[in-house]
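The structure appears below as structure tokens.
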Amino acid sequence: MFEKSIYKRLLFGLIGYFLLFIAIIIAGINMSFPIDAWLLISFISFTLFLPIVLKQLLFPLNETFSAIKDGVDAFKDKDFSITIQNQEYKEIGRFVKIYNDLATTLRSERMGIFQRELLLDTVIQSTPVALVLTDRKQNIVYSNTAARELLQVNQQLKGLNF
């Protein structure tokens, strides 16, 4: 597969833009405009349109970095499901691969932790030993079925004061 390069895209785009600038100057000279005025007009137009051209040339890079930022923000919210499509630019591809590998690792780690917690909760709920966990303010943060039966309460104990 042919890998595209942001640098080549930028280089060829700027060369094309510069050649267009030269063509405008040559066209102005051939139309017998005063060369000083034509050069000034050409330079000003070249300078004004350069940011627009650069934005278009760097669009894949900006789009991918924006996607990576959104993905990292999702990591902060403990959402590891976002993956990024590779734009086939070799400079970006490395970052995309690293991000996607990290997302896959975090997603599988989270799934493993969730499964272990579910298994532990199942074991604790089915044990005949009453178990009540409280925080420093004596609010119940966890209890099992045996604790609810011992205290003769039909509702969840979580959140109640012990």
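The values are calculated or read from the model by the stated rules, or taken from the named source; none is laboratory data. Quantities reported herein were computed from a predicted structural model and do not represent experimental measurements. Here the Cβ is made from the backbone with ideal geometry for all residues, glycine too, and neighbour counts use every protein chain on show. Ligands, DNA and RNA are stripped out before the accessible areas are found, and what is left, the full protein with its side chains, is counted by its heavy atoms. Shrake-Rupley method; radii C 1.70, N 1.55, O 1.52, S 1.80 Å.
State yes or no: is LYS90 open to solvent by 50 Å² or more (accessible area, probe 1.4 Å), in contact with a strand residue (DSSP E or B) (Cβ under 9 Å, 6 or more places away or on another chain) and in contact (Cβ under 8 Å) with a residue 40 or more places away in the chain?
In short, yes.
Within region 118-137, residues that are touching a residue at least 12 places away in the same chain (Cβ under 8 Å) reach partners that are open to solvent by 90 Å² or more (accessible area, probe 1.4 Å) with beta carbons closer than 7 Å, at six or more positions or on different chains, in the pairs ALA130/LEU150; VAL132/PHE162; THR134/PHE162.
Among the residues of region 75-87, the one identified as open to solvent by 80 Å² or more (accessible area, probe 1.4 Å) and touching a residue at least 24 places away in the same chain (Cβ under 8 Å) is LYS78. Taken residue by residue, region 123-131 has at least one member that is part of a loop (DSSP other than H, G, I, E, B), on the phi < 0 side of the Ramachandran plot and open to solvent by 90 Å² or more (accessible area, probe 1.4 Å).
Across region 141-162, what is the number of residues that are in contact with a helix residue (DSSP H, G or I) (Cβ under 9 Å, 6 or more places away or on another chain) and not in a helix (DSSP H, G or I)? Can you show your working first?
At the first step, the residues of region 141-162 found to be in contact with a helix residue (DSSP H, G or I) (Cβ under 9 Å, 6 or more places away or on another chain) are 142, 144-146, 153-157.
After this cut, where a residue has to be not in a helix (DSSP H, G or I) as well, the list is 142, 144, 153-157.
Total satisfying the criteria: 7.
Count of region 93-108 residues, restricted to those that are open to solvent by less than 100 Å² (accessible area, probe 1.4 Å), over 12 Å from the mean Cα position of the chain (by Cα) and without any contact (Cβ under 8 Å) to a residue 60 or more places away in the chain, is 6.
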